[in-house]
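Engineer: Would you mind keeping the following structure in view while I ask a few things?
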Amino acid sequence: MIDLAVLLCGFSIFSALLLALTHFAGESYRDQRQSRDPGLLLLLTLGGLQLVHFAWLGLGLDWVSAWPYRLMLFRYAGEFRVSPDAA
C-alpha cells in the first residue's frame, strides 16, 4: 500500500505542476489576476502537501510533524471558505 501511496503522491505533484504550467498560463487568465493567483496558490499548497507526504512515506523523513506542514494544512483549508457575497 505504501508503494501505491508514493505513486499517487508523485502523480499529484506532477499533475499540479502540469496544471500550473498549462492551464494557468498567461493566455488563459490574461485579465483575471484575482482568479489566477489563488488558483496557483492552491496548486502550490497541494503540491507542497504531497511532497511532504512523499518525503514521509518514501524517504522516511518525519516532516508531517513539523510546523510548515501544519501551516500548509491550514492554508489549504482556508481556500474552501464560503464568501459572504456568494449567498
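The values are calculated or read from the model by the stated rules, or taken from the named source; none is laboratory data. The shown structure was predicted, so the numbers you read here are calculated from the model rather than taken from an experiment. Every residue, glycine as well, gets a Cβ built from its backbone with ideal geometry; the counts of neighbours run over all protein chains shown.
Engineer: In the range 12-35, how many residues are part of a helix (DSSP H, G or I), more than 25 Å from M1 (Cα to Cα) and not β-branched (V, I, T)? Before you say what the answer is, go through the steps one by one.
Structural biologist: Of the range 12-35, the ones part of a helix (DSSP H, G or I) are 12-22, 33-35.
Imposing the further condition that a residue be more than 25 Å from M1 (Cα to Cα) reduces the set to 18-22, 33-35.
Imposing the further condition that a residue be not β-branched (V, I, T) reduces the set to 18-21, 33-35.
Of the residues in the range 12-35, 7 are part of a helix (DSSP H, G or I), more than 25 Å from M1 (Cα to Cα) and not β-branched (V, I, T).
Engineer: Taking L18 as meeting all but one of (1) surrounded by 12 or more Cβ atoms within 10 Å (Cβ to Cβ); (2) farther than 16 Å from L73 by Cβ; (3) within 13 Å of the chain's Cα centre (by Cα); (4) not basic (K, R), write down the number of the exception.
Structural biologist: (1)
Engineer: Hey, any hits in the range 36-52 for a residue that's free of Cβ contacts under 8 Å to residues at least 12 places away in the same chain, within 22 Å of D3 (Cβ to Cβ) and in a helix (DSSP H, G or I)? So that I can check it myself, show each step before the final result.
Structural biologist: Kept after step one, since they are free of Cβ contacts under 8 Å to residues at least 12 places away in the same chain, are these residues of the range 36-52: 37.
Filter once more, so that each one left must be within 22 Å of D3 (Cβ to Cβ): none.
Checked against the condition, which is being free of Cβ contacts under 8 Å to residues at least 12 places away in the same chain, within 22 Å of D3 (Cβ to Cβ) and in a helix (DSSP H, G or I), the range 36-52 yields no hits at all.
Engineer: Check off (1) modelled with pLDDT of 85 or more; (2) surrounded by 12 or more Cβ atoms within 10 Å (Cβ to Cβ); (3) aromatic (F, W, Y) for F11 and give me the number that stays unchecked.
Structural biologist: The failed condition is (2).
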